[in-house]
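The values are calculated or read from the model by the stated rules, or taken from the named source; none is laboratory data. Note that this is a predicted model, so its numbers are computed, not measured. Here the Cβ is made from the backbone with ideal geometry for all residues, glycine too, and neighbour counts use every protein chain on show.
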């Protein structure tokens, strides 16, 4: 059989095995009609209407005036495929009543095909008074606005201050929302922000894989939000949505079965998570794991991915270490399963290769351990090359290496003993 036919057979066989064994695989795309049953991306714009938005320092006008002007420009430039909603926070006038003020958030326009005239009128009617800033509550409600169906979901938070409603930390809320596995990303935009606001908005964005930016006037605000909306409503067929899975902390036996694809999980500090991939003879498994560092961790850490047989023998391993603040730590490996000559591989010839993802992360007191840090796992199966991958090792090659070391040690010992006896004899002769 030609090498091309072997590649085709291996690929088809792997898909059949994964399907037959119930493996988690991403939704297949229809080559003519794009992804099957993939919902369009959704965006919820969340605008702060607390009292501080009346300050006159946004390029010579009030912050709310700059925000309203930017919103009109944004609505006029929305792509046709955009499903956009609008929510506000801190919109009332509770005076000194914090309990009331910290419950103030409202949906002005549902997420969907926008009625631009109605949305402009709704924004124009808003007037900041003495409201508080319940960011945590607004994020939770905005997540509900976007629904729970699979697909790209994005919140764009525009505020000029930090959360003023204790005791909830909006950064913890962002981590909790990200841990729900609903492809939710929060972008934050600070309008004339101070350092504390900037730190909080950065933390919210990083916890969900989003971005933080700042703006000092209406033009900058319009440009920044337009960029974020454009990024959020990229056509669904151009976006790969990871499949949410849960690795086994107990070993390979009860690990989820994965086919080629992109997967999202969460891993605790110093935890091992297991997955398994059905692999046919003549296939090369390529896998990588990226751990997102979404909180302050201690220096000197690493992420490791290991390929293991079902009976626990290491096949390939790669560890990547870091020191200092980074956004993520990645490790990847390749492992080729020897082929069977020119015989066409069959599904019954498949065997499970186990993947173990582990971390060596720690953090100081007060840093939350739950939920775990985000993990993105990439898995692919391709036709094996003639040469084994450089990071692959097996028991047979290990015995050869041990044999070589033993031989070198034996020869070295004999030579050393001979030299000692020779020197001793020369001394006696003298």
Restricting attention to region 274-320, which residues are in contact with a helix residue (DSSP H, G or I) (Cβ under 7 Å, 6 or more places away or on another chain), closer than 24 Å to residue 253 by Cβ and buried (at least 22 other Cβ atoms within 10 Å of the Cβ)?
278, 280, 283
Scan of region 93-105 for residues that are outside any helix (DSSP H, G or I) and surrounded by 21 or more Cβ atoms within 10 Å (Cβ to Cβ), ordered by number:
102, 104, 105
If you take the residues in region 127-149 that are closer than 26 Å to residue 205 by Cα and outside any helix (DSSP H, G or I), which one is farthest from the chain's Cα centre (by Cα)?
128
Please work out if residue 87 is at pLDDT 90 or above, in contact with a strand residue (DSSP E or B) (Cβ under 7 Å, 6 or more places away or on another chain) and closer than 29 Å to residue 243 by Cβ.
yes
Surrounded by 14 or more Cβ atoms within 10 Å (Cβ to Cβ) and at pLDDT below 80, is that true of residue 429?
no
